[in-house]
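The values are calculated or read from the model by the stated rules, or taken from the named source; none is laboratory data. A quick note: this is a predicted structure, and the numbers were derived from the prediction, not measured. Don't worry about glycine lacking a Cβ; one is built from the backbone with ideal geometry, like all the others, and counts go over all protein chains shown.
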Amino acid sequence: MKINLSILALSVFILTACHSQKSKNELLKKDNTHRIELRKGELFVVAIADQKKGKEAMLEEYFNTIMPTAMQNGLTFIGQLHIDNIVTADNFTPNNFIGLFKWPDMKSAMAFNSVFPPEKIKELRMPIWNEFKGHVMAIQEDKTLTINENKVYEVRVLWTNDMVKTNSIHRYGGKVLLDQPLAGYEDLKGNKAPNHILLIEWKNKEKANTFHKMNLLKTQKEEVFQTHFTLFPS
């Protein structure tokens, strides 16, 4: 059963607005390298959104309404991937950041959802965003993602029912950090859900662009973003 992702809509506040509250980052940093620790049973969230212009006041109100309950139930801000280039995304033009978050487990996420049911979240969300896309992965085993601020990170959202063949990525110098099926998804327009998400590390943009020109991953549809990692503003 797919996880209901309306509980994730609150997360997008941090993609487009700074707040004075310090993020509860679970990052171990040394120089320009960060380690993101994901534990078995956690829900790892990748949120991508397109905020409407002039909605900052509504966004602030939304944040103040939703976040206390979310934080009480364990929502953690991990960091953000600054979008440097939209390689392909049809007509979707997200704001500058992809947000990375996690819930400690399904129980915590559902506890939040019991206070703010999906229909209420959608009512609050619709006036603020042109589009919101939430992708959730249920972590099956402990993982450590090592991220370097100086490297290029590619987020690939894939619509495919087949196993993703990543050998070609390695051959062209890419490193697959995350290769996960999606346990849940939502967007504002009710489109068909993707099936898979990849997080790939490239040494530089030239390496990534060479791979794209070869078009070696054959999928029904894909959304691809070149990014670099930054911490949330504190």
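Quick notes on this structure:
- Residue tally, condition without any contact (Cβ under 8 Å) to a residue 24 or more places away in the chain and farther than 16 Å from Ile48 by Cβ, over segment 191-209: 2
- Some residue of segment 126-136 being among the charged types (D, E, K, R), at pLDDT below 90 and surrounded by 17 or more Cβ atoms within 10 Å (Cβ to Cβ): no
- Test set (1) assigned to a loop (DSSP other than H, G, I, E, B); (2) within 15 Å of the chain's Cα centre (by Cα) - Gln140 fails condition number: (2)
- Pair list, Cβ < 9 Å and 6+ apart or interchain, from segment 113-132 residues that are closer than 13 Å to Lys52 by Cα and in contact (Cβ under 8 Å) with a residue 40 or more places away in the chain to residues that are β-branched (Val, Ile, Thr) and in a loop (DSSP other than H, G, I, E, B): Asn130/Thr93; Glu131/Thr93
- When Val115 is tested against the conditions (1) touching a helix residue (DSSP H, G or I) at 6+ places or on another chain (Cβ under 8 Å); (2) surrounded by 15 or more Cβ atoms within 10 Å (Cβ to Cβ); (3) over 15 Å from Leu231 (Cβ atoms), the lone failure is (2).
- In summary, strands (runs of 3 or more DSSP E) completely within segment 147-217 and bearing 2 or more residues that are closer than 24 Å to Phe132 by Cβ, charged (D, E, K, R) and at pLDDT 90 or above occur at 152-159.
- Selection from segment 74-112 of residues that are within 30 Å of Asn150 (Cβ to Cβ), of a type in the set (S, T, N, Q) and either surrounded by fewer than 22 Cβ atoms within 10 Å (Cβ to Cβ) or modelled with pLDDT of 95 or more (or both): Thr76, Asn85, Thr88, Thr93, Asn95, Asn96
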